[in-house]
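J.: Attaching a single structure in structure tokens format; questions to follow.
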Amino acid sequence: MLDAAWACQRSDPQECLRVSRQVLEQPLEEPELARATLCLGCGLLYQGEFNAAEPELRQALHLYKELADQKGQLGSLNALGTAKARQGRPVEALELFLQVRQLSVALGDVKSEIRALNSTGAVHGIMGDHPNAVHYLLLVLGLGRQHGLPLMERYALTNLSMAYNEMGRHHDALEAATACLKIQVEDSLPALEASALQNAGQAHFGLRQFPEAQAMYLKASELIEHSGDQSDLAGIDLFLGRVAQQQGKLDEARHLFERGVTIYQKSGDDYGQVTVLLHLGELLGLTRQVEDALNALHRARSLAEAGQLRNELCKIDLALSRLYRDSGRPQEALTHLEQHLQLNSELFNAASDQRLQSLRVQFELEQAERERQAAQRQNAELTELNARLEATNRDLTVAQTRTAELMVRLEQHANEDALTGLPNRRVFDAALERVLPSQQISVVLCDIDHFKIVNDRFSHLVGDEVLRHVATLLRGQLHRSDLLARYGGEEFVLLLTGASEAATLELCEDLRRATENHDWSTVRPGLSLTISLGVAVAQLNPATLAVRDVVQAADDALYAAKNAGRNRVEVRQAKASSAG
């Protein structure tokens, strides 16, 4: 019974789930329990329920470890890595595929090792690290040919074609896809062939060979129709719609996009809906159907927000900004542009952190590669030893390059406060030096009231969290041109240029109220917090009033606010220093 469920986990995941659950309702010995749990997790995985699949796969891995069944562990780790990649957690996926590879080497399972390398290359592609993706996929291709595994060759060529398309190397992508389609295997996999056809279509599209792209997509569609995968059919509609749009067949493109949205909606694929709605909105904007375009883009934005699809949300805000701008609505255009820029910055920082984590995993992957080579070298000839030395030299060069890249990143971090993520005192001082000698500026010093009591009563960890929350609150009230920096300890400093005294004071009151009214119990029950602000606004004069005088006035104002009872805003006039 379980054999039937195992056989149909890819072709009919719903049937796989039904049978697996039926088996799990019966009393089972531990080996059968582990196998049924893994089968259930794989059924959920291939049905697209990645979050639901993860706990089942972890349970299967736990059971196989208790049984000391390494083959079972191998299958569980591989499926779990796939789930992590599909959840958008590529670094965790790489760590799992590293374990798969190490276990495969220990077992002498060449096929599983090649699959792990193929998955590693695919994950690097998902992360946008296409050079490393190509490296691993070429390794898979070579091993597949060396060991006579044509199916693994096809997988490697399919993923290579995808990576080359992402890199804009469309000629190479087309060559890889074509080579994949030419390889003959005993058990043909329609889904794999359809994927190669789609990659060929994308290569033709990138080369602006639109009739050829359309032909590839239609062939892929015929294969997908037999498998009954509605989400993949909707993806083909998206590709065909893009081709129709490039050929000027705008009504046909709209029809294909709308059909794709409907299919994705029925299958519950929010990511697919968001992708197609974005293309539909941009198409409708081009044809001056502004309200329909806005409806499509706002639908996409709501789905992206609900699904936390941050990359897509960033693209949608940019599309909305352009559409509002072109339709003469500058305020809405500015709002969405600011949201796009803020999210783009956050995505860049997240991607940088992810790249640093991937470097660590990459090092472990390279270490695993060295261990595999060492195992093969035990009975090797002198030529194999020379090959090892060459490989080591290449690894050292790569490590040196990555070290240089990390040093550049460390230099970038020198201007950022590690706790709050704000610019630090160094950045603020540099900004003061760039102020024009006759410019109007506002300097605001902000101090958290009774911060020592927070540390003493709640702990320094809570104090750190308070500093992060205050930084976020203050930053959320400011314009992009305003400079907010951590000045030191519990003090923050704000530099405005060209703002009037009334506008500066109004902003400071907003900052004070936002801090006072914030629900600090979310940080720690019983916690409340206020801030004091010292303000100085002045028109600089090279002869009589310098920047340092304005900073001193703001400091005096902050001191006055503290003495007057805290939780208030005080302003002082800047006066020339006696040394000036």
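J.: Would you mention how many residues in the range 252-277 are closer than 25 Å to residue 325 by Cβ, open to solvent by 20 Å² or more (accessible area, probe 1.4 Å) and within 20 Å of the chain's Cα centre (by Cα)?
T.: Count: 1.
J.: Check 349, 393, 344 and return the single one that is modelled with pLDDT under 70 and open to solvent by 50 Å² or more (accessible area, probe 1.4 Å).
T.: 349
J.: Looking at the range 63-162, what helices (runs of 4 or more DSSP H) fall wholly within it and have at least 2 residues that are in contact with a Cys (Cβ under 7 Å, 6 or more places away or on another chain)?
T.: none
J.: Within the range 462-480, how many residues turn out to be open to solvent by 40 Å² or more (accessible area, probe 1.4 Å) and either modelled with pLDDT of 95 or more or assigned to a helix (DSSP H, G or I) (or both)?
T.: Qualifying residue count, the range 462-480: 7.
J.: Looking at 181, 174, which is the one that is within 28 Å of the chain's Cα centre (by Cα), in a helix (DSSP H, G or I) and within 28 Å of residue 130 (Cα to Cα)?
T.: The unique qualifying residue is 174.
J.: Moving to a separate point now. Under the condition of being under 34 Å from the mean Cα position of the chain (by Cα), without any contact (Cβ under 8 Å) to a residue 60 or more places away in the chain and not in a helix (DSSP H, G or I), which residue from the range 509-541 is farthest from residue 572 (Cα to Cα)?
T.: 525
Residues checked against (1) in contact (Cβ under 8 Å) with a residue 24 or more places away in the chain; (2) over 23 Å from residue 391 (Cβ atoms); (3) touching a Phe, Trp or Tyr at 6+ places or on another chain (Cβ under 6 Å); (4) open to solvent by less than 20 Å² (accessible area, probe 1.4 Å):
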{"residue": "87", "(1), (2), (3), (4)": "yes, yes, yes, no"}
{"residue": "97", "(1), (2), (3), (4)": "yes, no, no, yes"}
{"residue": "101", "(1), (2), (3), (4)": "yes, no, no, yes"}
{"residue": "110", "(1), (2), (3), (4)": "yes, no, no, no"}
{"residue": "130", "(1), (2), (3), (4)": "yes, no, no, no"}
{"residue": "144", "(1), (2), (3), (4)": "yes, no, no, yes"}
{"residue": "147", "(1), (2), (3), (4)": "yes, no, no, no"}
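J.: Only one of 144, 88, 128 is of a type outside the set (S, T, N, Q) and out of contact with any Asp or Glu (no Cβ under 8 Å at 6 or more places or on another chain). Can you tell me which?
T.: 88
J.: Under 9 Å between Cβ atoms, at least 6 apart or on separate chains: pull out the pairs that start in the range 46-72 with a residue that is at pLDDT below 90 and end on any residue that is among the acidic types (Asp, Glu) and open to solvent by less than 70 Å² (accessible area, probe 1.4 Å).
T.: 48/269
J.: Let me ask something additional. Cβ-Cβ distance below 9 Å, separation of 6 or more or different chains: which pairs start in the range 21-40 with a residue that is among the acidic types (Asp, Glu) and end on one that is in a helix (DSSP H, G or I) and open to solvent by 60 Å² or more (accessible area, probe 1.4 Å)?
T.: 30/66
J.: In the range 1-20, which residues are closer than 13 Å to residue 47 by Cβ and either assigned to a loop (DSSP other than H, G, I, E, B) or open to solvent by 60 Å² or more (accessible area, probe 1.4 Å) (or both)?
T.: Once the filter is applied, which keeps residues that are closer than 13 Å to residue 47 by Cβ and either assigned to a loop (DSSP other than H, G, I, E, B) or open to solvent by 60 Å² or more (accessible area, probe 1.4 Å) (or both), the range 1-20 yields 8, 9, 10, 11, 12, 14, 15, 18.
J.: Out of 411, 405, 433, which single residue is closer than 30 Å to residue 572 by Cα, open to solvent by 60 Å² or more (accessible area, probe 1.4 Å) and either assigned to a helix (DSSP H, G or I) or modelled with pLDDT under 75 (or both)?
T.: Only one candidate passes the filter, namely 433.
J.: Can you tell me how many residues in the range 46-81 are open to solvent by less than 20 Å² (accessible area, probe 1.4 Å) and either basic (Lys, Arg) or within 18 Å of residue 8 (Cα to Cα) (or both)?
T.: Qualifying residue count for the region: 4.
J.: Another question, if that's okay. Pairs needed: first member in the range 452-476, within 16 Å of residue 512 (Cβ to Cβ); second member anywhere, of a type outside the set (A, V, I, L, M, F, W, C) and open to solvent by less than 10 Å² (accessible area, probe 1.4 Å); C-beta distance under 6 Å; at least 6 residues apart or different chains.
T.: Pairs found: 473/515.
J.: To continue, here is another question. State whether the residues of the range 229-251 include one that is at pLDDT below 85 and over 21 Å from residue 300 (Cβ atoms).
T.: So far as the range 229-251 goes, yes, one or more of its residues are at pLDDT below 85 and over 21 Å from residue 300 (Cβ atoms).
The values are calculated or read from the model by the stated rules, or taken from the named source; none is laboratory data. Just so it is clear, the model here is predicted, and its values are computed rather than measured. Here the Cβ is made from the backbone with ideal geometry for all residues, glycine too, and neighbour counts use every protein chain on show. Ligands, DNA and RNA are stripped out before the accessible areas are found, and what is left, the full protein with its side chains, is counted by its heavy atoms. Shrake-Rupley method; radii C 1.70, N 1.55, O 1.52, S 1.80 Å.
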